[in-house]
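Participant: Dropping the structure in here first, questions after.
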Amino acid sequence: STSTAKSRKLVTLDEYIIQAQNKFPGATGELSQLLRDIGLAAKIISREVNKAGITNLLGVDGSTNVHGESVKRLDLFADQQLISALDRSMITCMVISEENDGIVRLNSEGGKYIVYMDPLDGSSNIDVNVSIGSIFSIYMRQPRFDKKLVEDDALQPGIRQVAAGYVLYGSSTIMVYTTGLGVSSFTLDPSIGEFILSEDDFKIPECGNIYSINEGSYNSWADGLKKYIKYCQVEDEETNRPYTARYIGSMVADLHRTLIKGGIFIYPASTRYPNGKLRLMYECNPLSFIIEQAGGMAIDGKKRIMEKQPTSIHQRIPIYIGSPDNVKKVKELLDQHENKE
Ligand code: P6P
């Protein structure tokens, strides 16, 4: 019937961005352009990720990134695609990427946006064909008379993000983003090369029964965290326990499952990573913005991640992120045992 046909009307990412922009009379269209640029780069990266094995983009090209981790060629390719897409539209003044040591300056005079990104997170999973993702976080440069670009433009807390999102290269390629008005997702239809709106205004379940953490580092966890994981494993029908353990080891994939099914993802401080492994500016802040916009919570074990004042562009922090009930429960146990000061 016409109603079903209407309900099936496909909305592309570009159409959706324009419709959203039209709700803001004062909008200049620059943020829209920036999101479309990222969408374009995502399509090109998706094409390469899905045929890496064939075009031998796999494997290490011998170089290592700033953290001494061996860099897979796809990492470099994704980094280059995103930077050139951002450079083309001349509205980004600087890009900070996991793949680059310092700050890549683009249109440092006119660009009003700052983009943090992890161009291809979870790249250690490329060789074993596990889902990987791109993560981005967008800020406005600080208004100043001399228009000089200074490093502290880059060190803004997560609450100042104007947009954030990720692309998950999995069984299908999905782009999820927020500009602070809820979370929407788009699924790439490779036959037409368009991202099609698949979910508008995600809401994460209040409480989930999935916990996601690398239990290999159990012995170095804080007592409150050990107590929480034991809590998840105790039989209790009323609270749907024991929970299920799911850990993919690719943050975007673990977060996307948490957004849809609820529960909690944790990367805690450990002996090997005293401040946690994941990066505040281009992993934890953007994913916290998404999860908070969907009604969830994200803390570093004590405080809200997005309120943390960054001190360096590559700093790491612990992250406890997901359904509000699950995050509150782990925080209650951490407060009882650790957060005494
Ligand atoms: P571990 C992948 O290397 C990554 O950066 C994230 O995507 C993932 O959540 C985490 O590291 C996995 O780390 O120590 O559990 O292998």
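Participant: Looking at the stretch 92-152, what strands (runs of 3 or more DSSP E) fall wholly within it and have at least 2 residues that are within 16 Å of the ligand (Cβ to nearest atom) and buried (at least 23 other Cβ atoms within 10 Å of the Cβ)? Walk me through how you get there before you give the answer.
Facilitator: Values: elements: 92-97, 113-121, 132-140.
Answer list for the stretch 92-152: 113-121, 132-140.
Participant: Still on this structure, I have one more. Kindly indicate the residue of the stretch 245-257 that is more than 8 Å from the ligand (Cβ to nearest atom) and not aliphatic (A, V, I, L, M) and also farthest from the chain's Cα centre (by Cα) among those meeting that condition.
Facilitator: The qualifying residue farthest from the chain's Cα centre (by Cα) is ARG246.
Participant: Next up: Given the conditions (1) of a type outside the set (Asp, Glu); (2) under 26 Å from LYS277 (Cα atoms); (3) open to solvent by 40 Å² or more (accessible area, probe 1.4 Å), which single one is not true for TYR166?
Facilitator: Exception for TYR166: condition (3).
Participant: Within the stretch 270-281, which residues are touching a Lys or Arg at 6+ places or on another chain (Cβ under 9 Å) and buried (at least 20 other Cβ atoms within 10 Å of the Cβ)?
Facilitator: SER270, GLY276, LEU278, ARG279, LEU280
Participant: Report, by residue number, each residue of the stretch 258-291 that is away from the ligand (no atom under 12 Å from the Cβ), under 15 Å from the mean Cα position of the chain (by Cα) and not β-branched (Val, Ile, Thr).
Facilitator: Result: LEU259, LEU280, MET281, ASN285, PRO286, SER288, PHE289.
Participant: Is there any pair with a first residue in the stretch 236-260 that is open to solvent by 30 Å² or more (accessible area, probe 1.4 Å) and a second that is within 16 Å of the ligand (Cβ to nearest atom) and of a type in the set (Asp, Glu) whose Cβ atoms are under 7 Å apart and which are 6 or more apart or on different chains, and what are they?
Facilitator: Listed pairs, sorted by first residue: TYR247/ASP254; ILE248/ASP254.
Participant: Could you tell me which numbered condition SER288 fails, if it satisfies all but one of (1) within 22 Å of PHE136 (Cα to Cα); (2) of a type in the set (Ser, Thr, Tyr); (3) open to solvent by 10 Å² or more (accessible area, probe 1.4 Å)?
Facilitator: Only one criterion is unmet by SER288, namely (3).
Participant: Let me ask you something else. Select from the stretch 210-235 the residues that are open to solvent by less than 50 Å² (accessible area, probe 1.4 Å) and part of a helix (DSSP H, G or I) and write down the one among them that is farthest from the ligand (Cβ to nearest atom). Show your work before the answer.
Facilitator: Pass one, the stretch 210-235, residues open to solvent by less than 50 Å² (accessible area, probe 1.4 Å): 210-213, 217, 220-222, 224-226, 228-229, 232.
The next check asks that each one be part of a helix (DSSP H, G or I); those that pass are 217, 220, 224-226, 228-229, 232.
Values: SER217: 7, SER220: 12, GLY224: 20, LEU225: 15, LYS226: 17, TYR228: 17, ILE229: 15, CYS232: 17 Å.
Among residues in the stretch 210-235 that are open to solvent by less than 50 Å² (accessible area, probe 1.4 Å) and part of a helix (DSSP H, G or I), the one farthest from the ligand (Cβ to nearest atom) is GLY224.
Participant: Just for the stretch 1-26: of the residues that are among the aliphatic types (A, V, I, L, M) and more than 25 Å from the chain's Cα centre (by Cα), which one is modelled with the highest pLDDT? Let's see the steps before the verdict.
Facilitator: Residues of the stretch 1-26 that are among the aliphatic types (A, V, I, L, M), as a first pass: 5, 10-11, 13, 17-18, 20.
Still in the list and also more than 25 Å from the chain's Cα centre (by Cα): 5, 10.
On the way: ALA5: 48, LEU10: 90.
Among those that are among the aliphatic types (A, V, I, L, M) and more than 25 Å from the chain's Cα centre (by Cα), it is LEU10.
Participant: Take the stretch 114-133 and flag every residue that is at pLDDT 90 or above and either touching a helix residue (DSSP H, G or I) at 6+ places or on another chain (Cβ under 6 Å) or closer than 17 Å to PRO310 by Cβ (or both).
Facilitator: Taking the stretch 114-133 as the starting set, the residues that turn out to be at pLDDT 90 or above are 114-121, 130-133.
Result: ILE114, VAL115, TYR116, MET117, ASP118, PRO119, LEU120, ASP121, SER131, ILE132, GLY133.
The values are calculated or read from the model by the stated rules, or taken from the named source; none is laboratory data. Remember, it's a predicted structure, so these values are computed and weren't measured experimentally. All Cβ positions, glycine included, derive from the backbone under ideal geometry; neighbour counts span all protein chains shown. The protein model used for the area step is the full one, side chains on, heavy atoms only, and it has no ligands, DNA or RNA in it. Shrake-Rupley method; radii C 1.70, N 1.55, O 1.52, S 1.80 Å.
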